[in-house]
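Step one of this worksheet: look at the structure below.
The values are calculated or read from the model by the stated rules, or taken from the named source; none is laboratory data. Just so you know, these numbers come straight off a predicted model, no measurement behind them. Note: ideal-geometry Cβ built from the backbone for every residue, glycine included; neighbour counts use all protein chains shown. Surface areas here come from the heavy atoms of the whole protein model, side chains and all, with no ligands, DNA or RNA. Shrake-Rupley method; radii C 1.70, N 1.55, O 1.52, S 1.80 Å.
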Amino acid sequence: MTEKETLIKAGWSLENSYGRLPDVFFTRQDPTPVRAPRLVILQHSLATSLGLNPAYLKSEEGIAVLAGNRIPEGSAPLAQAYAGHQFGHFTMLGDGRALLLGEQITQAGKRVDIQLKGSGRTPYSRGGDGRAAIGPMLREYVISEAMYAFGIPTTRSLAVVATGEPVYRETVQPGAVLTRVADSHIRVGTFQYIARWGTVEELRALADYTIERHFPEIREDENPYRSFLKEVIKRQAVLIAKWQLVGFIHGVMNTDNMALSGESIDYGPCAFMDTYDPATVFSSIDVRGRYAYGNQPNIAQWNLKKFAETLLPLISEDKDQSVLQAQEALTSFCELYSSSWLAGMRAKLGIVREETQDEGFVNELLEMMKKYGADYTNTFRAFAMDQPEDTVLYGTEEFQQWQKKWLERLGREGESKANTLQLMKENNPTIIPRNHRVEEALEAAVNEDYSVMERLLGALSNPFAYSPEQEEYAALPDSSSCPYRTFCGT
(Lines give C-alpha, C1' and ligand atoms only; values in the text may rest on other atoms or scores of the structure.)
Protein backbone atom coordinates (compact mmCIF):
# COMPACT_ATOMS: atom_id res chain seq x y z
CA MET A 1 0.00 0.00 0.00
CA THR A 2 1.38 3.39 -0.99
CA GLU A 3 1.73 6.24 1.50
CA LYS A 4 -1.13 8.11 -0.21
CA GLU A 5 -3.42 5.07 -0.01
CA THR A 6 -2.59 4.63 3.68
CA LEU A 7 -3.43 8.25 4.41
CA ILE A 8 -6.73 8.00 2.55
CA LYS A 9 -7.61 4.91 4.54
CA ALA A 10 -6.81 6.78 7.76
CA GLY A 11 -9.81 9.03 7.27
CA TRP A 12 -8.15 12.36 7.98
CA SER A 13 -10.12 15.32 6.67
CA LEU A 14 -8.32 18.21 8.32
CA GLU A 15 -8.82 21.92 7.80
CA ASN A 16 -7.13 24.83 9.55
CA SER A 17 -9.64 27.67 9.77
CA TYR A 18 -8.24 28.87 13.12
CA GLY A 19 -4.87 29.25 11.43
CA ARG A 20 -6.38 31.82 9.08
CA LEU A 21 -6.88 34.25 11.95
CA PRO A 22 -4.17 36.91 12.46
CA ASP A 23 -0.80 35.51 13.54
CA VAL A 24 -1.14 37.08 16.99
CA PHE A 25 -3.51 34.27 18.00
CA PHE A 26 -1.02 31.40 17.70
CA THR A 27 2.48 30.17 16.99
CA ARG A 28 3.04 27.56 14.30
CA GLN A 29 5.06 24.63 15.55
CA ASP A 30 5.39 20.90 15.05
CA PRO A 31 5.17 18.43 17.95
CA THR A 32 8.40 17.20 19.50
CA PRO A 33 8.94 13.51 18.60
CA VAL A 34 9.04 10.94 21.40
CA ARG A 35 11.31 7.97 21.87
CA ALA A 36 9.09 4.89 21.84
CA PRO A 37 5.36 5.56 21.32
CA ARG A 38 2.95 2.84 22.34
CA LEU A 39 -0.84 2.97 22.22
CA VAL A 40 -2.38 2.62 25.67
CA ILE A 41 -6.07 3.21 24.91
CA LEU A 42 -8.22 4.22 21.95
CA GLN A 43 -11.88 5.29 21.93
CA HIS A 44 -13.06 3.23 18.96
CA SER A 45 -16.60 4.61 18.66
CA LEU A 46 -15.35 8.19 18.84
CA ALA A 47 -12.77 7.46 16.15
CA THR A 48 -15.46 6.05 13.89
CA SER A 49 -17.77 9.02 14.48
CA LEU A 50 -14.92 11.31 13.46
CA GLY A 51 -14.52 9.42 10.20
CA LEU A 52 -11.19 7.94 11.32
CA ASN A 53 -10.24 4.31 10.88
CA PRO A 54 -9.53 2.67 14.28
CA ALA A 55 -7.39 0.00 12.59
CA TYR A 56 -5.21 2.73 11.12
CA LEU A 57 -4.92 4.56 14.44
CA LYS A 58 -3.67 1.32 16.04
CA SER A 59 -1.08 0.83 13.30
CA GLU A 60 2.52 1.98 13.62
CA GLU A 61 1.81 4.98 11.44
CA GLY A 62 -1.37 5.90 13.30
CA ILE A 63 0.35 5.68 16.68
CA ALA A 64 3.12 7.92 15.33
CA VAL A 65 0.47 10.56 14.55
CA LEU A 66 -1.13 10.25 17.99
CA ALA A 67 2.30 10.62 19.59
CA GLY A 68 3.31 13.65 17.54
CA ASN A 69 6.03 11.80 15.64
CA ARG A 70 4.22 12.18 12.33
CA ILE A 71 2.07 15.02 10.98
CA PRO A 72 -1.15 13.81 9.34
CA GLU A 73 -2.11 14.97 5.89
CA GLY A 74 -3.78 18.38 5.96
CA SER A 75 -2.45 19.32 9.39
CA ALA A 76 -0.78 22.68 10.12
CA PRO A 77 0.07 22.37 13.84
CA LEU A 78 -0.08 25.42 16.07
CA ALA A 79 -0.06 26.43 19.71
CA GLN A 80 -2.87 28.78 20.69
CA ALA A 81 -2.23 31.96 22.66
CA TYR A 82 -4.55 32.97 25.49
CA ALA A 83 -4.53 34.62 28.88
CA GLY A 84 -6.64 34.07 31.97
CA HIS A 85 -7.53 34.81 35.54
CA GLN A 86 -6.02 32.00 37.61
CA PHE A 87 -7.49 32.04 41.12
CA GLY A 88 -8.47 35.65 40.44
CA HIS A 89 -5.08 36.83 39.18
CA PHE A 90 -4.64 37.81 35.53
CA THR A 91 -1.68 36.38 33.61
CA MET A 92 -0.46 35.57 30.11
CA LEU A 93 -0.82 31.87 29.28
CA GLY A 94 -1.17 29.81 26.11
CA ASP A 95 -0.75 26.20 25.01
CA GLY A 96 2.37 25.36 26.96
CA ARG A 97 2.22 21.63 26.25
CA ALA A 98 -0.46 21.24 23.59
CA LEU A 99 -0.70 21.66 19.84
CA LEU A 100 -3.76 21.93 17.61
CA LEU A 101 -3.27 19.56 14.67
CA GLY A 102 -6.28 20.98 12.86
CA GLU A 103 -10.03 20.64 12.57
CA GLN A 104 -11.40 17.29 11.51
CA ILE A 105 -14.48 17.54 9.28
CA THR A 106 -16.63 14.54 10.13
CA GLN A 107 -18.78 12.64 7.66
CA ALA A 108 -21.77 14.48 9.14
CA GLY A 109 -20.10 17.80 8.31
CA LYS A 110 -19.21 18.73 11.88
CA ARG A 111 -15.95 20.59 12.57
CA VAL A 112 -13.99 19.52 15.66
CA ASP A 113 -10.52 20.31 16.97
CA ILE A 114 -7.91 17.58 17.17
CA GLN A 115 -5.32 18.51 19.79
CA LEU A 116 -2.26 16.73 21.16
CA LYS A 117 -1.67 17.33 24.87
CA GLY A 118 1.83 16.63 26.17
CA SER A 119 3.41 17.09 22.74
CA GLY A 120 6.41 19.19 23.81
CA ARG A 121 7.48 22.72 24.68
CA THR A 122 6.05 25.79 22.95
CA PRO A 123 6.76 29.52 23.29
CA TYR A 124 4.01 29.58 25.94
CA SER A 125 5.53 26.87 28.18
CA ARG A 126 6.75 29.36 30.80
CA GLY A 127 9.62 27.14 31.87
CA GLY A 128 7.66 23.88 31.72
CA ASP A 129 8.86 20.79 29.88
CA GLY A 130 5.81 20.61 27.60
CA ARG A 131 5.23 16.99 28.50
CA ALA A 132 2.54 15.11 30.43
CA ALA A 133 2.52 12.11 32.74
CA ILE A 134 0.44 9.05 31.92
CA GLY A 135 -1.62 9.22 35.14
CA PRO A 136 -3.17 12.67 34.55
CA MET A 137 -3.75 11.91 30.85
CA LEU A 138 -5.60 8.70 31.67
CA ARG A 139 -7.48 10.58 34.36
CA GLU A 140 -8.72 13.06 31.75
CA TYR A 141 -9.69 10.14 29.52
CA VAL A 142 -11.74 8.49 32.28
CA ILE A 143 -13.44 11.67 33.53
CA SER A 144 -14.24 13.10 30.10
CA GLU A 145 -15.73 9.79 28.95
CA ALA A 146 -17.82 9.62 32.12
CA MET A 147 -19.07 13.16 31.56
CA TYR A 148 -20.01 12.24 28.00
CA ALA A 149 -21.94 9.22 29.28
CA PHE A 150 -23.78 11.49 31.74
CA GLY A 151 -24.92 13.63 28.78
CA ILE A 152 -22.84 16.63 29.90
CA PRO A 153 -21.19 18.70 27.12
CA THR A 154 -17.50 17.87 27.22
CA THR A 155 -14.30 17.52 25.32
CA ARG A 156 -13.55 13.90 24.44
CA SER A 157 -10.42 11.79 24.65
CA LEU A 158 -9.61 9.91 21.47
CA ALA A 159 -6.44 8.18 22.63
CA VAL A 160 -3.57 8.05 25.08
CA VAL A 161 -0.11 7.06 23.87
CA ALA A 162 2.79 6.25 26.18
CA THR A 163 5.96 8.02 25.05
CA GLY A 164 8.64 5.71 26.43
CA GLU A 165 10.18 8.75 28.09
CA PRO A 166 10.14 9.86 31.74
CA VAL A 167 8.65 13.11 33.00
CA TYR A 168 9.81 14.70 36.20
CA ARG A 169 7.26 15.96 38.70
CA GLU A 170 7.28 15.21 42.43
CA THR A 171 8.56 11.81 41.27
CA VAL A 172 9.72 10.36 37.97
CA GLN A 173 6.66 9.20 36.00
CA PRO A 174 6.04 7.60 32.60
CA GLY A 175 5.23 10.15 29.91
CA ALA A 176 2.16 10.19 27.67
CA VAL A 177 0.36 12.18 24.98
CA LEU A 178 -3.43 12.61 25.02
CA THR A 179 -5.38 13.25 21.82
CA ARG A 180 -8.25 15.55 22.73
CA VAL A 181 -11.33 16.28 20.62
CA ALA A 182 -13.28 19.50 21.19
CA ASP A 183 -15.89 21.62 19.45
CA SER A 184 -13.10 24.19 19.72
CA HIS A 185 -10.46 25.36 22.18
CA ILE A 186 -11.60 28.99 22.15
CA ARG A 187 -11.77 30.14 25.75
CA VAL A 188 -12.76 33.19 27.76
CA GLY A 189 -9.00 33.55 28.13
CA THR A 190 -8.58 33.73 24.34
CA PHE A 191 -10.72 36.87 24.30
CA GLN A 192 -8.95 38.25 27.38
CA TYR A 193 -5.61 37.82 25.64
CA ILE A 194 -6.59 39.72 22.53
CA ALA A 195 -8.53 42.39 24.46
CA ARG A 196 -5.38 43.13 26.47
CA TRP A 197 -2.65 42.83 23.84
CA GLY A 198 -4.42 43.00 20.48
CA THR A 199 -6.37 45.52 18.46
CA VAL A 200 -10.12 46.03 18.18
CA GLU A 201 -9.92 44.70 14.62
CA GLU A 202 -8.28 41.50 15.86
CA LEU A 203 -10.88 41.22 18.62
CA ARG A 204 -13.65 41.58 16.05
CA ALA A 205 -12.00 38.93 13.86
CA LEU A 206 -11.97 36.49 16.79
CA ALA A 207 -15.59 37.26 17.70
CA ASP A 208 -16.75 36.87 14.10
CA TYR A 209 -14.88 33.58 13.81
CA THR A 210 -16.37 32.22 17.04
CA ILE A 211 -19.88 33.29 16.06
CA GLU A 212 -19.50 31.66 12.65
CA ARG A 213 -18.23 28.45 14.19
CA HIS A 214 -20.52 28.06 17.20
CA PHE A 215 -23.46 30.48 16.87
CA PRO A 216 -24.14 30.95 13.12
CA GLU A 217 -27.84 31.54 13.83
CA ILE A 218 -27.06 34.99 15.34
CA ARG A 219 -24.93 36.32 12.48
CA GLU A 220 -27.74 38.47 11.13
CA ASP A 221 -28.98 39.74 14.50
CA GLU A 222 -29.24 43.48 14.98
CA ASN A 223 -26.33 43.33 17.43
CA PRO A 224 -24.60 39.96 16.94
CA TYR A 225 -21.96 40.67 19.63
CA ARG A 226 -24.59 41.28 22.29
CA SER A 227 -26.35 38.11 21.13
CA PHE A 228 -23.00 36.32 21.28
CA LEU A 229 -22.61 37.24 24.93
CA LYS A 230 -26.16 36.08 25.71
CA GLU A 231 -25.65 32.74 23.99
CA VAL A 232 -22.39 32.05 25.84
CA ILE A 233 -24.09 32.91 29.15
CA LYS A 234 -26.95 30.56 28.33
CA ARG A 235 -24.67 27.63 27.51
CA GLN A 236 -22.56 28.12 30.62
CA ALA A 237 -25.61 28.36 32.89
CA VAL A 238 -26.89 25.03 31.59
CA LEU A 239 -23.43 23.43 31.78
CA ILE A 240 -22.77 24.41 35.40
CA ALA A 241 -26.24 23.21 36.39
CA LYS A 242 -25.42 19.82 34.90
CA TRP A 243 -22.15 19.73 36.87
CA GLN A 244 -24.01 20.43 40.10
CA LEU A 245 -26.63 17.80 39.42
CA VAL A 246 -24.06 14.99 39.32
CA GLY A 247 -21.80 16.37 42.06
CA PHE A 248 -18.91 17.21 39.73
CA ILE A 249 -16.20 19.57 40.96
CA HIS A 250 -13.95 21.00 38.26
CA GLY A 251 -11.25 22.19 40.62
CA VAL A 252 -9.71 24.99 38.53
CA MET A 253 -12.44 27.19 37.08
CA ASN A 254 -9.96 29.76 35.82
CA THR A 255 -11.14 31.86 32.89
CA ASP A 256 -8.76 30.00 30.58
CA ASN A 257 -10.64 26.81 31.48
CA MET A 258 -14.05 28.07 30.30
CA ALA A 259 -14.72 27.08 26.69
CA LEU A 260 -17.08 29.34 24.76
CA SER A 261 -18.57 26.33 23.00
CA GLY A 262 -20.19 25.36 26.31
CA GLU A 263 -18.13 22.19 26.79
CA SER A 264 -16.39 21.10 29.96
CA ILE A 265 -12.66 21.40 29.33
CA ASP A 266 -9.29 20.85 31.03
CA TYR A 267 -9.78 18.05 33.54
CA GLY A 268 -7.00 18.65 36.03
CA PRO A 269 -7.73 18.39 39.77
CA CYS A 270 -11.37 17.46 39.20
CA ALA A 271 -13.38 14.86 41.07
CA PHE A 272 -16.90 13.79 42.00
CA MET A 273 -18.27 14.50 45.45
CA ASP A 274 -19.03 11.58 47.75
CA THR A 275 -20.52 13.01 50.97
CA TYR A 276 -22.72 15.98 50.19
CA ASP A 277 -21.17 19.24 51.34
CA PRO A 278 -21.20 22.49 49.30
CA ALA A 279 -17.78 23.37 50.75
CA THR A 280 -16.13 20.31 49.19
CA VAL A 281 -12.79 21.03 47.51
CA PHE A 282 -10.50 18.45 45.94
CA SER A 283 -7.76 20.58 44.38
CA SER A 284 -4.58 20.61 46.45
CA ILE A 285 -3.92 24.22 45.41
CA ASP A 286 -7.39 25.61 46.20
CA VAL A 287 -6.60 26.27 49.85
CA ARG A 288 -9.29 28.95 50.24
CA GLY A 289 -12.10 27.06 48.53
CA ARG A 290 -12.53 29.49 45.66
CA TYR A 291 -13.61 26.65 43.40
CA ALA A 292 -15.58 24.62 45.93
CA TYR A 293 -18.63 22.70 44.69
CA GLY A 294 -21.12 25.20 46.10
CA ASN A 295 -19.25 28.18 44.65
CA GLN A 296 -19.10 26.96 41.05
CA PRO A 297 -22.19 28.90 39.86
CA ASN A 298 -20.79 32.12 41.37
CA ILE A 299 -17.40 31.58 39.74
CA ALA A 300 -19.03 30.87 36.39
CA GLN A 301 -20.84 34.19 36.61
CA TRP A 302 -17.57 35.93 37.60
CA ASN A 303 -15.81 34.41 34.58
CA LEU A 304 -18.64 35.50 32.30
CA LYS A 305 -18.29 39.04 33.62
CA LYS A 306 -14.65 38.97 32.53
CA PHE A 307 -15.75 37.71 29.13
CA ALA A 308 -18.33 40.49 28.85
CA GLU A 309 -15.63 43.06 29.57
CA THR A 310 -13.68 41.91 26.52
CA LEU A 311 -16.70 42.45 24.24
CA LEU A 312 -17.46 46.01 25.34
CA PRO A 313 -15.71 47.65 22.35
CA LEU A 314 -17.83 45.52 19.99
CA ILE A 315 -21.24 45.73 21.63
CA SER A 316 -21.53 49.50 21.21
CA GLU A 317 -19.36 52.48 20.30
CA ASP A 318 -20.96 54.25 23.26
CA LYS A 319 -19.07 52.88 26.27
CA ASP A 320 -21.89 53.55 28.73
CA GLN A 321 -24.42 51.84 26.47
CA SER A 322 -22.08 48.89 26.02
CA VAL A 323 -21.70 48.45 29.78
CA LEU A 324 -25.46 48.65 30.33
CA GLN A 325 -26.18 46.04 27.67
CA ALA A 326 -23.49 43.72 29.04
CA GLN A 327 -24.83 44.07 32.57
CA GLU A 328 -28.34 43.33 31.36
CA ALA A 329 -27.12 40.15 29.70
CA LEU A 330 -25.19 39.06 32.79
CA THR A 331 -28.24 39.39 35.04
CA SER A 332 -29.84 36.51 33.12
CA PHE A 333 -27.26 34.00 34.33
CA CYS A 334 -28.78 33.42 37.78
CA GLU A 335 -32.27 32.80 36.43
CA LEU A 336 -31.00 30.55 33.62
CA TYR A 337 -28.84 28.55 36.00
CA SER A 338 -31.52 28.26 38.70
CA SER A 339 -34.23 27.15 36.29
CA SER A 340 -31.96 24.55 34.69
CA TRP A 341 -30.72 23.22 38.03
CA LEU A 342 -34.20 23.11 39.57
CA ALA A 343 -35.65 21.31 36.56
CA GLY A 344 -32.87 18.76 36.92
CA MET A 345 -33.50 18.33 40.63
CA ARG A 346 -37.20 17.80 40.03
CA ALA A 347 -36.37 15.03 37.57
CA LYS A 348 -33.97 13.46 40.08
CA LEU A 349 -36.92 13.28 42.49
CA GLY A 350 -39.40 12.01 39.90
CA ILE A 351 -41.21 15.33 39.57
CA VAL A 352 -42.26 16.83 36.24
CA ARG A 353 -44.59 19.71 37.04
CA GLU A 354 -43.35 22.97 38.50
CA GLU A 355 -44.64 24.36 41.80
CA THR A 356 -43.65 27.55 43.58
CA GLN A 357 -42.27 25.83 46.69
CA ASP A 358 -39.99 23.45 44.75
CA GLU A 359 -36.71 25.22 45.47
CA GLY A 360 -37.31 25.24 49.21
CA PHE A 361 -38.41 21.61 49.06
CA VAL A 362 -35.18 20.56 47.32
CA ASN A 363 -32.96 22.65 49.58
CA GLU A 364 -34.60 21.07 52.62
CA LEU A 365 -33.41 17.67 51.38
CA LEU A 366 -29.89 18.95 50.66
CA GLU A 367 -29.62 20.48 54.12
CA MET A 368 -30.55 17.10 55.62
CA MET A 369 -27.96 15.38 53.45
CA LYS A 370 -25.28 17.75 54.65
CA LYS A 371 -26.33 17.39 58.30
CA TYR A 372 -26.22 13.60 58.25
CA GLY A 373 -23.25 13.19 55.91
CA ALA A 374 -25.25 11.49 53.18
CA ASP A 375 -23.53 10.32 50.02
CA TYR A 376 -24.77 12.53 47.18
CA THR A 377 -25.01 9.97 44.39
CA ASN A 378 -26.13 7.00 46.46
CA THR A 379 -28.90 8.93 48.20
CA PHE A 380 -30.61 9.69 44.90
CA ARG A 381 -29.74 6.21 43.65
CA ALA A 382 -31.59 4.69 46.62
CA PHE A 383 -34.61 6.90 45.91
CA ALA A 384 -34.63 5.80 42.25
CA MET A 385 -34.51 2.16 43.36
CA ASP A 386 -37.40 2.79 45.79
CA GLN A 387 -35.09 1.94 48.67
CA PRO A 388 -34.95 5.06 50.88
CA GLU A 389 -34.19 2.80 53.82
CA ASP A 390 -30.68 2.40 52.36
CA THR A 391 -29.84 6.04 53.10
CA VAL A 392 -28.47 7.51 56.32
CA LEU A 393 -31.47 9.85 56.31
CA TYR A 394 -33.98 7.09 56.81
CA GLY A 395 -35.45 6.89 60.29
CA THR A 396 -34.73 10.51 61.20
CA GLU A 397 -37.67 12.69 62.10
CA GLU A 398 -36.64 15.31 59.52
CA PHE A 399 -36.66 12.77 56.71
CA GLN A 400 -40.01 11.32 57.74
CA GLN A 401 -41.55 14.78 57.52
CA TRP A 402 -39.84 15.53 54.21
CA GLN A 403 -40.74 12.15 52.74
CA LYS A 404 -44.39 12.75 53.59
CA LYS A 405 -44.31 15.99 51.61
CA TRP A 406 -42.48 14.24 48.77
CA LEU A 407 -45.10 11.51 48.51
CA GLU A 408 -47.85 14.12 48.53
CA ARG A 409 -46.00 15.99 45.82
CA LEU A 410 -45.71 12.86 43.69
CA GLY A 411 -49.40 12.20 44.26
CA ARG A 412 -50.24 15.53 42.66
CA GLU A 413 -48.21 14.52 39.59
CA GLY A 414 -50.72 11.84 38.71
CA GLU A 415 -48.06 9.50 37.29
CA SER A 416 -47.76 5.80 38.00
CA LYS A 417 -45.07 4.68 40.41
CA ALA A 418 -43.34 2.79 37.60
CA ASN A 419 -43.13 5.94 35.44
CA THR A 420 -41.87 7.99 38.37
CA LEU A 421 -39.12 5.52 39.20
CA GLN A 422 -38.15 5.30 35.53
CA LEU A 423 -37.81 9.09 35.35
CA MET A 424 -35.61 9.03 38.43
CA LYS A 425 -33.39 6.29 37.02
CA GLU A 426 -32.96 8.28 33.83
CA ASN A 427 -31.73 11.28 35.81
CA ASN A 428 -29.73 9.70 38.63
CA PRO A 429 -26.58 7.84 37.67
CA THR A 430 -26.19 4.60 39.55
CA ILE A 431 -22.42 5.09 39.51
CA ILE A 432 -19.89 7.90 39.15
CA PRO A 433 -16.11 7.72 38.77
CA ARG A 434 -15.58 7.27 42.51
CA ASN A 435 -12.31 8.88 43.47
CA HIS A 436 -10.88 5.75 45.06
CA ARG A 437 -11.82 3.71 41.99
CA VAL A 438 -10.17 6.19 39.64
CA GLU A 439 -6.99 6.19 41.71
CA GLU A 440 -7.03 2.40 41.81
CA ALA A 441 -7.24 2.29 38.02
CA LEU A 442 -4.52 4.89 37.51
CA GLU A 443 -2.14 3.21 39.93
CA ALA A 444 -2.53 -0.07 38.07
CA ALA A 445 -2.11 1.69 34.70
CA VAL A 446 1.15 3.35 35.73
CA ASN A 447 2.36 -0.21 36.36
CA GLU A 448 1.11 -1.18 32.88
CA ASP A 449 -1.96 -3.06 34.06
CA TYR A 450 -4.83 -1.47 32.12
CA SER A 451 -7.46 -4.07 32.96
CA VAL A 452 -8.65 -2.18 36.06
CA MET A 453 -9.24 0.97 34.02
CA GLU A 454 -10.93 -0.91 31.20
CA ARG A 455 -13.40 -2.49 33.64
CA LEU A 456 -14.10 0.91 35.19
CA LEU A 457 -14.68 2.48 31.79
CA GLY A 458 -17.00 -0.36 30.86
CA ALA A 459 -19.11 0.20 33.97
CA LEU A 460 -19.19 3.97 33.36
CA SER A 461 -20.17 3.68 29.70
CA ASN A 462 -23.86 3.52 30.69
CA PRO A 463 -24.13 5.08 34.16
CA PHE A 464 -27.94 4.90 34.13
CA ALA A 465 -28.14 1.15 33.49
CA TYR A 466 -28.65 0.06 37.12
CA SER A 467 -27.09 -3.28 36.22
CA PRO A 468 -25.79 -5.86 38.72
CA GLU A 469 -22.30 -5.44 37.26
CA GLN A 470 -22.24 -1.84 38.48
CA GLU A 471 -22.96 -2.66 42.12
CA GLU A 472 -19.32 -2.86 43.17
CA TYR A 473 -18.63 0.59 41.73
CA ALA A 474 -21.39 2.13 43.83
CA ALA A 475 -19.64 1.12 47.04
CA LEU A 476 -18.22 3.95 49.14
CA PRO A 477 -14.53 4.21 50.03
CA ASP A 478 -13.24 2.91 53.32
CA SER A 479 -14.15 5.30 56.13
CA SER A 480 -10.51 5.36 57.18
CA SER A 481 -9.43 6.87 53.86
CA CYS A 482 -7.58 10.17 54.03
CA PRO A 483 -9.26 13.32 52.68
CA TYR A 484 -9.07 13.13 48.89
CA ARG A 485 -6.81 15.62 47.10
CA THR A 486 -6.00 15.95 43.42
CA PHE A 487 -3.23 17.75 41.58
CA CYS A 488 -3.05 19.64 38.28
CA GLY A 489 -0.64 17.10 36.85
CA THR A 490 1.27 19.66 34.82
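Residue pairs exceeding 21 angstrom between C-alpha atoms, taken from 117/242; 234/370; 348/405; 370/425; 348/404: 117/242; 234/370; 370/425. Note on residue 416 and residue 55: the model spin-label points, each 7 Å out from Cα along the C-beta direction, lie 4.7 nm apart.
Quick one: longest stretch of the chain between exposed loop GluC sites (Glu not before Pro), exposed meaning at most 14 other C-beta atoms within 10 Å and loop per DSSP? Please report the intermediate quantities before stating the final value.
Values: sites that count: 170, 220, 222, 317, 354, 355, 448.
Maximal segment without exposed cleavage sites: 1-169.
The alpha-carbon atoms of segment 189-315, seen along their principal axes, cover 48, 29, 19 angstrom, with the largest extent given first. Charging the Cβ of each Asp and Glu at -1 and of each Lys and Arg at +1, and nothing else, the dipole of the chain about its Cα centre rounds to 680 debye. With K and R counted +1 and D and E -1, the other residues having a Cβ less than 12 Å from that of residue 196 yield a net charge of -1. The trypsin sites (Lys or Arg not before Pro) found in segment 103-188 include none that occupy coil by DSSP while having at most 10 further C-beta atoms within 10 Å. Comparing segment 1-84 with the 2.2 N^0.38 Å rule of thumb, its C-alpha radius of gyration ratio is 1.22 (two decimals). To the nearest ten degrees, helix 451-460 and the longest principal axis of the Cα atoms of the chain are 60 degrees apart.
Does segment 118-267 come out rounded, prolate or oblate by the C-alpha gyration tensor, with a ≥ b ≥ c the root eigenvalues, rounded set by a/c under 1.5 and, if not, prolate when a/b is larger than b/c and oblate if not? Numbers along the way, then the final one.
Details: a/c = 2.47, a/b = 1.51, b/c = 1.64.
Here segment 118-267 falls in the oblate category.
Solvent-accessible surface (1.4 Å probe) assigned to residue 24 amounts to roughly 40 Å².
What part of the accessible area of the chain, given as a whole %, is carbon or sulfur when the probe is 1.4 angstrom? Write out the running numbers ahead of the final one.
On the way: 10160 of 20610 Å².
Roughly 49 percent of what the probe reaches on the chain is carbon or sulfur.
For residue 178, the accessible surface of its heavy atoms amounts to roughly 0 Å² (probe 1.4 Å, protein chains only, rounded to the nearest 10).
All other residues with a Cβ under 15 Å from the Cβ of residue 57 taken together, and with Lys, Arg as +1 and Asp, Glu as -1, what is their net charge? Don't jump to the answer; show the numbers that get you there.
Working: positive: 9, 38, 58, 70, 156, 180; negative: 60, 61, 73.
Counting the neighbours of residue 57, the net charge comes to +3.
When ligands, DNA and RNA are left out and all protein chains stay put, how many square angstrom of accessible area per residue does segment 282-335 have with a 1.4 Å probe? Before the final figure, lay out the partial values.
Numbers: 2750 Å² over 54 residues.
Per-residue value: 51 Å².
If I stretch the segment between residue 355 and residue 91 completely, what's the gain in nm (0.36 nm per residue apart, minus their alpha carbon distance), one decimal? Don't skip to the answer; put the middle values down first.
On the way: separation 264, 0.36 × 264 = 95.04 nm, distance 4.54 nm.
The span from residue 355 to residue 91 would gain 90.5 nm if fully extended.
Would you work out if segment 348-410 is rounded, prolate or oblate? Take a ≥ b ≥ c from the square roots of the eigenvalues of the alpha-carbon gyration tensor; rounded if a/c is under 1.5, else prolate when a/b is larger than b/c, oblate otherwise.
On the way: a/c = 1.58, a/b = 1.36, b/c = 1.16.
Cα axes put segment 348-410 in the prolate bin.
What does the net charge come to around residue 270 if you take all other residues with beta carbon closer than 10 Å to its beta carbon, with K and R at +1 and D and E at -1? Each step should come with its number before you reach the end.
On the way: positive: 139; negative: 140, 266.
Counting the neighbours of residue 270, the net charge comes to -1.
Relative to the longest principal axis of the Cα atoms of the chain, helix 224-246 runs at roughly 50 degrees.
Evaluated at 25 °C with a viscosity of 0.890 mPa s, what Stokes-Einstein diffusion coefficient in µm²/s does the chain have when Rh comes from the Kirkwood expression over alpha-carbon pairs? Approximately 103 µm²/s, per Stokes-Einstein.
Calculated [222 nm] ellipticity per residue, helices only, for the chain: -13500 deg cm²/dmol; basis is -39500 (n - 2.57) per DSSP H run with n ≥ 4, divided by all residues, nearest 500.
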